[in-house]
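The values are calculated or read from the model by the stated rules, or taken from the named source; none is laboratory data. Since the model is a prediction, treat every value here as computed from it, not as a measurement. So basically every Cβ, Gly included, is an ideal-geometry build from the backbone, and we count neighbours across all protein chains shown.
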């Protein structure tokens, strides 16, 4: 049970601070990228030893494919992550509504992902998210496979999340995390909810590609 609670709390923190920074800085590329990246750095060293600090269904899916996570745990991890993302988005909405000059959260948004507002097509958004997730998961698979890298894995993973955000924020808002996208979309509804399937399917697709590429390039047979 503790590992599921950790995944809930971790995803809540990621959404609250990452998406919150995006809202409060009007999606400043550097600030938002650092908020997401530094959140992961902190979380890895706090809950990594308990749950592995996935806080992302795409990460959990890759670990499942790599036989590092059971099917039962995969489902429970994803449920905990989604609930954490909803809670994080809900807390962010309450905070935004308490700041008079910002107005209602439905006006400011909740750091949701989108493709129309950034002048990129649906297909373009899918490709971007798949590529960004591929890079992120590919890095995670490699750096977490070697126990000798445990001391630096949090920094490497956090910096990787930072640089994929630097590239993707002005294209899709950068998801690479279905839970992070679903939480804000559920609260906002409308276009955010209509478009969220892209930010669920593309990261999962990119995750699978990263797993098979890593297995091939590391000369490991697919299990």
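Suppose we keep only residues that are more than 14 Å from the chain's Cα centre (by Cα) and modelled with pLDDT of 95 or more within the stretch 26-41. Which one would you say is surrounded by the most Cβ atoms within 10 Å (Cβ to Cβ)?
29
Of all the numbered requirements in (1) surrounded by fewer than 22 Cβ atoms within 10 Å (Cβ to Cβ); (2) closer than 24 Å to residue 17 by Cα, residue 184 misses one, and that requirement is (1).
Among the residues of the stretch 175-223, the one identified as on the phi > 0 side of the Ramachandran plot and either in contact with a strand residue (DSSP E or B) (Cβ under 7 Å, 6 or more places away or on another chain) or at pLDDT 95 or above (or both) is 176. Exactly one residue out of 126, 115, 138 is in contact with a helix residue (DSSP H, G or I) (Cβ under 7 Å, 6 or more places away or on another chain) and under 19 Å from residue 44 (Cβ atoms): that is 138. Residues that are touching a residue at least 12 places away in the same chain (Cβ under 8 Å), closer than 16 Å to residue 116 by Cβ and part of a helix (DSSP H, G or I) within the stretch 185-218 comprise 185, 188, 191, 192, 195, 198, 199, 202, listed in sequence order.
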